[in-house]
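The values are calculated or read from the model by the stated rules, or taken from the named source; none is laboratory data. These numbers come from a predicted model, not from an experiment. Because the Cβ atoms are built from the backbone with ideal geometry, glycine has one as well, and the counts that use them run over all protein chains shown. In case anyone asks, the SASA skips ligands and DNA or RNA and just uses the protein heavy atoms, side chains included. Shrake-Rupley method; radii C 1.70, N 1.55, O 1.52, S 1.80 Å.
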Amino acid sequence: MSDLVKNFGEKLRKKRKEAGYSQEGFAAYVGIERGNYGKIERGSVNIKLETLYKLVNALDCEFEEIMPQRGMYKIELE
(Lines give C-alpha, C1' and ligand atoms only; values in the text may rest on other atoms or scores of the structure.)
Protein backbone atom coordinates (compact mmCIF):
# COMPACT_ATOMS: atom_id res chain seq x y z
CA MET A 1 0.00 0.00 0.00
CA SER A 2 0.96 3.61 -0.34
CA ASP A 3 2.75 5.69 2.25
CA LEU A 4 -0.49 7.67 2.61
CA VAL A 5 -2.43 4.59 3.74
CA LYS A 6 0.39 3.53 6.07
CA ASN A 7 0.58 6.99 7.63
CA PHE A 8 -3.18 6.93 8.18
CA GLY A 9 -2.86 3.59 9.98
CA GLU A 10 -0.10 4.95 12.22
CA LYS A 11 -2.15 8.00 13.16
CA LEU A 12 -5.20 5.83 13.81
CA ARG A 13 -3.18 3.50 16.07
CA LYS A 14 -1.82 6.44 18.05
CA LYS A 15 -5.29 7.96 18.52
CA ARG A 16 -6.76 4.58 19.56
CA LYS A 17 -4.05 4.10 22.16
CA GLU A 18 -4.51 7.65 23.45
CA ALA A 19 -8.21 6.84 23.90
CA GLY A 20 -7.23 3.82 26.01
CA TYR A 21 -8.55 1.07 23.75
CA SER A 22 -6.88 -2.23 23.00
CA GLN A 23 -6.89 -3.15 19.34
CA GLU A 24 -9.27 -6.04 19.97
CA GLY A 25 -11.63 -4.00 22.15
CA PHE A 26 -11.74 -1.09 19.72
CA ALA A 27 -12.35 -3.33 16.72
CA ALA A 28 -15.29 -4.94 18.54
CA TYR A 29 -16.67 -1.54 19.57
CA VAL A 30 -16.51 -0.24 15.99
CA GLY A 31 -17.88 -3.48 14.54
CA ILE A 32 -14.83 -4.47 12.49
CA GLU A 33 -13.31 -7.95 12.66
CA ARG A 34 -10.06 -7.67 14.63
CA GLY A 35 -7.88 -9.07 11.85
CA ASN A 36 -9.28 -6.57 9.37
CA TYR A 37 -8.85 -3.74 11.85
CA GLY A 38 -5.21 -4.74 12.31
CA LYS A 39 -4.74 -4.46 8.55
CA ILE A 40 -6.08 -0.90 8.68
CA GLU A 41 -3.56 0.09 11.36
CA ARG A 42 -0.72 -1.60 9.46
CA GLY A 43 -1.70 0.31 6.34
CA SER A 44 -2.21 -2.78 4.25
CA VAL A 45 -5.80 -1.99 3.22
CA ASN A 46 -7.64 1.06 1.99
CA ILE A 47 -10.91 1.74 3.82
CA LYS A 48 -14.38 2.88 2.76
CA LEU A 49 -15.72 6.30 3.68
CA GLU A 50 -18.33 4.66 5.90
CA THR A 51 -15.57 2.97 7.90
CA LEU A 52 -13.76 6.29 8.30
CA TYR A 53 -16.91 7.78 9.80
CA LYS A 54 -17.25 4.83 12.19
CA LEU A 55 -13.67 5.35 13.36
CA VAL A 56 -13.91 9.09 14.03
CA ASN A 57 -17.27 8.67 15.76
CA ALA A 58 -15.93 5.88 17.97
CA LEU A 59 -12.83 7.93 18.84
CA ASP A 60 -14.93 11.09 19.28
CA CYS A 61 -12.45 13.05 17.19
CA GLU A 62 -12.28 15.11 14.02
CA PHE A 63 -11.08 13.71 10.69
CA GLU A 64 -8.01 15.94 10.84
CA GLU A 65 -6.82 14.12 13.94
CA ILE A 66 -6.33 10.83 12.11
CA MET A 67 -5.89 11.94 8.49
CA PRO A 68 -2.39 12.61 7.14
CA GLN A 69 -1.78 16.21 6.10
CA ARG A 70 -2.85 16.80 2.52
CA GLY A 71 0.33 18.67 1.60
CA MET A 72 2.49 15.67 2.48
CA TYR A 73 1.11 13.51 -0.34
CA LYS A 74 0.71 14.35 -3.98
CA ILE A 75 -1.79 12.17 -5.78
CA GLU A 76 -1.44 12.50 -9.53
CA LEU A 77 -4.64 13.08 -11.44
CA GLU A 78 -4.90 11.20 -14.70
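Shape call for region 1-43 from the C-alpha gyration tensor, a ≥ b ≥ c root eigenvalues: rounded (a/c under 1.5), prolate (a/b greater than b/c) or oblate? Cα axes put region 1-43 in the oblate bin.
Using C-alpha pairs below 8 Å separated by at least 6 residues, the relative contact order for the chain is 42 percent. Summing Cβ point charges (Lys, Arg +1; Asp, Glu -1) relative to the Cα centre of the chain gives a dipole of roughly 240 debye. The mean accessible area for residues of the chain, using a 1.4 Å probe and ignoring ligands and nucleic acids, is 72 Å² per residue. Expressed as a whole percent, the accessible surface of region 2-52 that belongs to carbon and sulfur atoms is 47, based on a 1.4 Å probe. Under the combined filter of DSSP loop state and at most 10 neighbouring Cβ atoms within 10 Å, region 7-78 retains these trypsin sites (Lys or Arg not before Pro): Lys48, Lys74. When nucleic acids and ligands are ignored and a 1.4 Å probe is applied, Met67 ends up with an accessible area of around 70 Å².
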